[in-house]
Amino acid sequence: MEEKLYSYLGNVIKYQDEMVRAMGETLTMVAIAGTVSTLIGTIMGIVLVITRKGGILENSLINNILGKFINIFRSIPFVILLAALIPVTRFFMGTTIGLKGAIVPLIFGSAPFVARQIESALLSVDSGVIEAAYAMGSSPFEIIYRVLLREALPEIIYALIITTVSLIGFSAVAGTVGGGGLGDFAIRYGYQHFKTDIMVVTIIILVSLITFIQWSGEKILKKIKR
């Protein structure tokens, strides 16, 4: 049995330590970039909603500038963004390869995506609820926290699930240019050295990770909606 397993997964067994380290790097990248991009993206999404026409803090100048900034970064393919942000990445991280080199592009690539997802979630809140809170003397901050964010919580969580899944895909792409993680591991050992078993197992790990995240997110959503 052991010999048969080795015949199919010999390379995976040989490089299992590197694979475990690569999986840890992917999880670290997703966790750090996801946390930072969620914070930045949520703030941008809130600003987009409250400064739009008819918003509680209407400001067309801020809304237009921020909207165009987000659209520009959303329109750039992630592979090109990786290369374009090399000077920025080197300035903040001191390197453009490995785990550190992937975090900055991941944040720039996902924060605008989060912003639009949060904007869409907040816009789903009934305007009548907002008007009622405003009529009762609630401050803009209270409306944002007690009305917008609370009422749109299920949609926000769903948006964050989508963002996390996208980040895993982005992290794999970052690996193609030496960004570390499972993408880098699959390219270096699986693709460049034609080790098919490594490619297959890496794909299975990524699919399993995404499936687990989606499953966990759906469980959380069900509890919130009850």
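The values are calculated or read from the model by the stated rules, or taken from the named source; none is laboratory data. Owing to the predicted nature of the structure, the values given are computational and were not obtained by experimental measurement. Virtual Cβ from ideal backbone geometry, glycine too; neighbours counted across all protein chains shown. Accessible surface areas use protein heavy atoms only, side chains included; no ligands, DNA or RNA. Shrake-Rupley method; radii C 1.70, N 1.55, O 1.52, S 1.80 Å.
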Options Ile144, Ile70: the member that is modelled with pLDDT under 90, β-branched (Val, Ile, Thr) and within 18 Å of Ile40 (Cα to Cα): Ile144
Those residues of the range 86-101 which are of a type outside the set (Gly, Ala, Ser) and either more than 20 Å from the chain's Cα centre (by Cα) or open to solvent by 20 Å² or more (accessible area, probe 1.4 Å) (or both), in sequence order: Ile86, Pro87, Val88, Arg90, Phe91, Phe92, Met93, Thr95, Thr96, Ile97, Leu99, Lys100
Long-range neighbours under 8 Å by Cβ, at least six apart or interchain, first residue within 15 Å of Asn71 (Cβ to Cβ) within the range 115-128, second among the basic types (Lys, Arg) and open to solvent by 70 Å² or more (accessible area, probe 1.4 Å): Arg116/Arg74
Answer residue from the range 56-72, given it is surrounded by 16 or more Cβ atoms within 10 Å (Cβ to Cβ) and without any contact (Cβ under 8 Å) to a residue 60 or more places away in the chain and is nearest to Pro105 (Cα to Cα) among those: Ile70
Test result for Thr211, at pLDDT 85 or above, part of a helix (DSSP H, G or I) and open to solvent by less than 40 Å² (accessible area, probe 1.4 Å): no
Answer residue from the range 127-141, given it is of a type in the set (A, V, I, L, M, F, W, C) and under 14 Å from Leu57 (Cα atoms) and is modelled with the lowest pLDDT among those: Ile130
Residue among Val104, Val49, Val36, Val20 that alone is among the β-branched types (Val, Ile, Thr), surrounded by 18 or more Cβ atoms within 10 Å (Cβ to Cβ), out of contact with any Asp or Glu (no Cβ under 6 Å at 6 or more places or on another chain) and part of a helix (DSSP H, G or I): Val104
Residue that is most open to solvent (accessible area, probe 1.4 Å), among those in the range 123-157 that are in contact with a helix residue (DSSP H, G or I) (Cβ under 8 Å, 6 or more places away or on another chain) and charged (D, E, K, R): Arg146
Per-region count, the range 86-101, residues under 15 Å from Thr176 (Cβ atoms) and outside any helix (DSSP H, G or I): 2
Pick from the range 73-85, criterion part of a helix (DSSP H, G or I) and free of Cβ contacts under 8 Å to residues at least 60 places away in the same chain, ranking: least open to solvent (accessible area, probe 1.4 Å): Leu81
Meets criteria (in a helix (DSSP H, G or I) and open to solvent by 40 Å² or more (accessible area, probe 1.4 Å)) for Leu160: yes
Tabulated pairs, the range 29-40, first within 15 Å of Gly169 (Cα to Cα), second not in a helix (DSSP H, G or I), C-beta under 9 angstrom, 6+ apart or interchain: Met29/Gly179; Met29/Gly180
Whichever residue in the range 179-196 is part of a helix (DSSP H, G or I) and open to solvent by less than 20 Å² (accessible area, probe 1.4 Å) and, among such residues, is modelled with the lowest pLDDT: Gly190
